[in-house]
Amino acid sequence: MKTRLPTIAIGLAASLACGTPVPAQQPAPAPAPSPAAPPAGTPSPAQTTPLPTTTAPGPGPGTNQAPTPPAPEKALPPATPVPPTAGRPPLVANPGDPSDVDEVTLPAKPTAILAGKATWDQAVPNLKDAIGKVETALAGAGVKANGKPLAVFTRTDDDGFQYEVMVPVETVPNPRPAGLPDDLRFGATPSGKALRFTHKGPYEGIDQTYETVTAYLDAKGIIVQDAFVEEYLTPLTSPADDALEVNIYALPK
């Protein structure tokens, strides 16, 4: 495996322009004794940089009352994204241990499959986009996903890799729903005896886990199939995501 490059988060800054306060009006002088009402006051000068508003201005402050500061715009609460894979079962029910290797049996689950290729420095965004494409297509066709997304690395070299992204489903739809991408097909997830290695931490550090995998296989003299399987227990968001959890499966020959 090649080293993955981290992505750089870009922050945003905002500024708010403030208006010039309106000077208080001087009361008009009282007229000669007369029952007539006093004349209306002189209008206040306009503000040079008024605050933007989407509603009509309210009445001004009363006598000897400080101007009321403008109410801030009501901010909407930040949306909390719900991972699309939340609640879906992994291939193996019991969790793995990052400090140990598990011998497990993978079930053959029906799955949607999308093939692709990418360079190593674009591994995360490419796999993320491919998984999103499958998830969106299944949801639009009314096909229920039923498992964590997978990536099977079918071929690798120094420049990049070829892969098959898989999203397990409850059943393979028959007939095939209209509107699905032509390059999306259905099949089964890898199955049989496997060795499970668990990676926790940024994807940019997953090479160290693969070094552990290689050292373990060499020490035990185990020959495995060419395709490694990654199962994303948490959403694949960025190479620097500390909360990422991935199961890596090696299938012995």
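The values are calculated or read from the model by the stated rules, or taken from the named source; none is laboratory data. Just so we're clear, the structure is a prediction, and the values are computed from it rather than from any experiment. With ideal geometry, Cβ positions are generated from the backbone for all residues, glycine too; neighbour counts draw on all protein chains shown. Just so you know, the surface numbers come from the protein's heavy atoms only, side chains and all, with ligands and any DNA or RNA stripped out. Shrake-Rupley method; radii C 1.70, N 1.55, O 1.52, S 1.80 Å.
Worth pointing out:
Condition check ((1) open to solvent by 40 Å² or more (accessible area, probe 1.4 Å); (2) at pLDDT 90 or above; (3) touching a helix residue (DSSP H, G or I) at 6+ places or on another chain (Cβ under 7 Å); (4) of a type in the set (A, V, I, L, M)) across all residues:
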| site | (1), (2), (3), (4) |
| --- | --- |
| 69 | yes, no, no, no |
| 77 | yes, no, no, no |
| 84 | yes, no, yes, no |
| 93 | yes, yes, no, yes |
| 101 | no, yes, yes, yes |
| 115 | yes, yes, no, yes |
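- Beta carbons closer than 6 Å, at least 6 apart along the sequence or on distinct chains, never pair a first residue in segment 233-249 that is on the phi > 0 side of the Ramachandran plot with a second that is part of a loop (DSSP other than H, G, I, E, B) and of a type in the set (Val, Ile, Thr).
- Taken together, the residues in segment 218-253 that are of a type in the set (Lys, Arg) and either modelled with pLDDT under 95 or in contact with a helix residue (DSSP H, G or I) (Cβ under 6 Å, 6 or more places away or on another chain) (or both) amount to 1.
- Condition broken by residue 204, with the remaining ones in (1) open to solvent by less than 30 Å² (accessible area, probe 1.4 Å); (2) outside any loop (DSSP other than H, G, I, E, B) satisfied: (1)
- Criterion (among the small types (Gly, Ala, Ser) and touching a Pro at 6+ places or on another chain (Cβ under 7 Å)) met by exactly one of 178, 240: 240
- Residue in segment 155-166 that is of a type in the set (Val, Ile, Thr), at pLDDT below 95 and either part of a strand (DSSP E or B) or farther than 23 Å from residue 238 by Cα (or both) present: yes
- Of note, residue 109 does not satisfy the criterion of being touching a strand residue (DSSP E or B) at 6+ places or on another chain (Cβ under 9 Å), modelled with pLDDT of 95 or more and open to solvent by 70 Å² or more (accessible area, probe 1.4 Å).
- Residue among 123, 141 that alone is among the small types (Gly, Ala, Ser), under 20 Å from the mean Cα position of the chain (by Cα) and at negative phi: 123
- For segment 157-200, a tally of residues being farther than 23 Å from residue 251 by Cα and either of a type outside the set (Lys, Arg) or open to solvent by less than 30 Å² (accessible area, probe 1.4 Å) (or both) returns 15.
- Only a single item in (1) under 21 Å from residue 236 (Cβ atoms); (2) without any contact (Cβ under 8 Å) to a residue 60 or more places away in the chain; (3) surrounded by fewer than 20 Cβ atoms within 10 Å (Cβ to Cβ) is not met by residue 218, and it is number (1).
- Failed condition for residue 253, given (1) under 30 Å from the mean Cα position of the chain (by Cα); (2) surrounded by fewer than 17 Cβ atoms within 10 Å (Cβ to Cβ): (1)
- Residues (among the β-branched types (Val, Ile, Thr) and crowded, with 16+ Cβ neighbours inside 10 Å) located in segment 126-153: 131, 134, 143, 152
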